[in-house]
Structure formats: C-alpha cells, structure tokens
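Rule-based calculations on the coordinates, nothing more; no lab input. This one's a predicted model, so the numbers in the text were calculated from it and none came from an experiment. Here the Cβ positions follow ideal geometry from the backbone for every residue, glycine too, while neighbour counts run over all protein chains shown.
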Amino acid sequence: MQRRRAIAVLAALPLFVAARVAFAGSYLDRSVMLLSGARKDVETLRAKMTDKELARIVRAVAEARQSSASDMDVPAVVAKAHPHLLLALTKVERAARSAIDGNYATVLEYIESFKREETIFRSQLKEAGHPLPAGDS
C-alpha cells in the first residue's frame, strides 16, 4: 500500500513542478507586458516632458498598471521580486505627476529611480531562477 502511494506521489511530482513553472511563466509574461509599456511611457515622457496632456495620459495608464500589478497573483518563487515591480510602476506614475506639476528635475529623478527598480526586479527574478523572457528589452 505504501509502495503504491509512493509511486503515485512520484508520478504526480512532475505535474506539480510543471504547474509551478507554468504559473511563474504566466507571471513573467504579465510582468514583461507591464514593464514594456511602462518603459515606453518613460521614454516618451522624457522626450516630451513639457506636454501636460501627454503626462496626464501616461499617469492614467501608469495608475492602471499599478492597480493590475497590485491585484495579480504572484507565485511564491518570485514573491521577493514583486515589490520591485510595484515600485518601478509607481515611479512612472510619480514621474508623470511631476511632469503635470512642471517639476522637470523631479521627473528625471523618478525616471532614473524607475530604471533602478526595474534592474533590481530583473536581478531578483534571475536569482530566483526565473529571468524575464529574452524578447523583452
């Protein structure tokens, strides 16, 4: 009886591992989507910092990204990295708010802070054995 149970557990083990990796893969895909959009917004905001209407749109989209990232399921294997994704997305929203307010030096500070948080996020994922997909740059 115990032998059968052991065989059943061993047979099911690859399924649990595959599900865990697949869930991390889904998290990575969602993270890439959020970061890619945020990075494009940051580049646009830096190039057109004085365009307040553009900054308002960037801020609205950044808030939506923040909300989505806050509500998404995070696998335990990458949980240590997730706060850095949230911080990176927050920096984009704050950069846009600063642009709306006309604080252009602060915009640049938040953009640099976004880049630092993105780097930390990527390194945490890599350390956890789940680097972001190669197609993301």
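Using Stokes-Einstein with the Kirkwood hydrodynamic radius over Cα pairs, what translational diffusion coefficient do you get for segment 27-127 at 25 °C and a viscosity of 0.890 mPa s, in µm²/s rounded to a whole number? Display every interim value, and only then the final one.
Details: Rh = 13.4 Å.
Reported coefficient: 183 µm²/s.
By the count of other C-beta atoms within 10 Å, a proxy for reagent exposure, 112, 53, 118 are ordered fewest to most as 53, 112, 118.
Quick one: length gained pulling residue 86 to residue 100 fully straight, 0.36 nm per residue minus the C-alpha distance?
Numbers: separation 14, 0.36 × 14 = 5.04 nm, distance 2.14 nm.
My answer for the length gained is 2.9 nm.
Taken about its Cα centre, segment 90-137 carries a charge dipole of roughly 40 debye when the Cβ of each Lys and Arg holds +1 and the Cβ of each Asp and Glu holds -1. Only one residue of 78, 42, 28 has its Cα farthest out toward the positive end of the dipole of segment 27-127, where Lys and Arg carry +1 and Asp and Glu -1 on Cβ, and that residue is 42. The simple spin-label model puts a point 7 Å past each Cα toward its Cβ; for residue 72 and residue 119 those points are separated by 2.3 nm.
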